[in-house]
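Since the structure comes first, as structure tokens, the remarks are kept for the end.
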Amino acid sequence: MNKNAIRIVSTSTVRESVGEDSVQPEASDSFVSSPQVEQVTQRALAYLVAGYPVHFCGVAGTGKTTMAFHVASKLGRPVTLIHGDDEFGSSDLVGKDSGYRKNKVVDNYIHSVLKTEEEMKHLWVDNRLTTACERGEVFIYDEFNRSRPEANNALLSVLSEGILNLPKLRRSGKGYMAVHSEFRAIFTSNPEEYAGVHKTQDALMDRLITIQLDHYDRDTEIMIVMKKSGLPLLDSERIVDIVRELRSFGVNNNRPTIRAGIAIGRILASQDRRAHWDDVFFQMICRDVLATDTAKITRGGQPVIMQKVEEVIRKFCGSIHPVREKVKEDRQ
Ligand SMILES: Nc1ncnc2c1ncn2[C@@H]1O[C@H](COP(=O)(O)OP(=O)(O)OP(=O)(O)O)[C@@H](O)[C@H]1O
Ligand SMILES: [Mg+2]
């Protein structure tokens with residue numbers, strides 16, 4: 001090497017900010033606000049306004065995700081959404097290294113002196129929790145217990161001390177980030193016995209205010225089916241009664257849910273049909289949508305749920321003939 005060579009090396013860390021990644025939720029025309037919905041909304045808002053994170057917990061189809069967005073929209077802040085995932089590590093929440101950028105300047109202006117300056121930039125890209133904490137957004141963590149508990153550890157100091165710990169940025173003096181005063185967090189989860197969910201660490205549960213959601217009451221379900229399908233009241237009532245009756249048998253893990261009711265309503269409306277006992281198409285939609293995996297339980301070679309669906313249609317739609325015979329007739 002040239003004996004007059006001068007080499008200057010400097011290293012620094014650059015946090016790359018991501019572009020606009022949040023959404024601004026708006027009230028949907030098909031959102032139903034019943035006394036039950038209003039009451040839960042008011043409670044959740046009271047906790048959030050006081051600075052506490054809210055957690056909606058309940059079985060599938062109880063309106064957790066819808067409620068999280070509804071409550072978030074009332075806060076009037078941008079919303080960042082993530083969905084729990086078994087593959088997540090902490091970097092999926094806070095961010096990660098994204099390599100190095102190296103600049104080299106070679107200066108040989110004075111012939112006998114070779115001066116090189118190297119600048120190494122260690123790049124870091126923020127992930128959604130970090131940007132939400134920095135910008136004071138509403139952070140919705142849907143189905144957070146699908147992530148492994150250790151992936152969610154960064155939330156502990158965010159929720160109790162208002163500090164996001166970024167240990168990998170320690171050397172650049174940015175290892176701790178103060179959480180914006182308007183940052184709020186809403187969590188949803190399915191119960192622990194559900195497939196694909198993890199047990200949550202007590203420390204995280206202890207920081208959340210949990211609102212247990214059950215299926216909506218009958219009136220709310222009827223309004224939801226009416227609004228989402230456009231069917232008249234009578235048809236929506238029949239559909240909801242059928243769904244609720246089958247759910248009450250308790251053999252199918254709290255199903256069918258309101259989703260099944262909405263599906264039947266929408267399909268009927270799109271075909272310009274009604275929920276009538278003598279409409280074979282209606283019966284068939286009910287069988288397809290409602291007879292889910294309980295088909296495992298059989299009686300006389302036929303899945304019990306099929307028989308139940310028929311009985312229940314007859315009960316709520318006033319059939320005077322056995323539905324199965326009617327279906328057979330129409331097939332011929
Ligand atoms: N207040 C409401 N107004 C109108 N539709 C609603 C309302 N609440 C829930 N729904 C509808 O009910 C269905 C189930 O709601 P949602 O997806 O929020 O349930 P969930 O508890 O998050 O279910 P999962 O555990 O399966 O994710 C959706 O189709 C949703 O649009
Ligand atoms: Mg959901």
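Each reported figure results from applying straightforward, stated rules to the coordinates on display, with no laboratory input. Computed from a prediction, not measured in an experiment: that's the story for all the values here. FYI the Cβ positions are ideal-geometry reconstructions off the backbone, even for glycines, and counts take in every protein chain you see.
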About its Cα centre, the chain carries a charge dipole, from +1 on Lys and Arg Cβ atoms and -1 on Asp and Glu Cβ atoms, whose size in debye to the nearest 20 is 680 debye
Over 19 Å (Cα to Cα) among 227/315; 96/174; 102/174 -> 227/315; 102/174
Final fewest-first order of 157, 33, 189 on the 10 Å Cβ neighbour count is 33, 157, 189
Residue 26 and residue 120 label points (each 7 Å along its Cα→Cβ direction) are spaced in nm at 5.0 nm
Going from the fewest other Cβ atoms within 10 Å to the most, one would list 226, 120, 306 as 120, 306, 226
Most exposed first, judged by fewest Cβ atoms within 10 angstrom, 93, 159 run 159, 93
Dividing the mean separation of Cα pairs under 8 Å (6+ apart) by the residue count of the stretch 1-214 yields a relative contact order in percent of 31 percent
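Using only the alpha carbon atoms of the chain, find the Kirkwood hydrodynamic radius as the inverse mean reciprocal pair distance, in angstroms to one decimal. Please list the in-between numbers first.
Values: mean 1/r = 0.0421 Å⁻¹.
Result for the chain stands at 23.7 Å.
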Residues whose built amide H sits under 5 Å from the amide H of residue 95, excluding neighbours closer than 5 in sequence, are 127
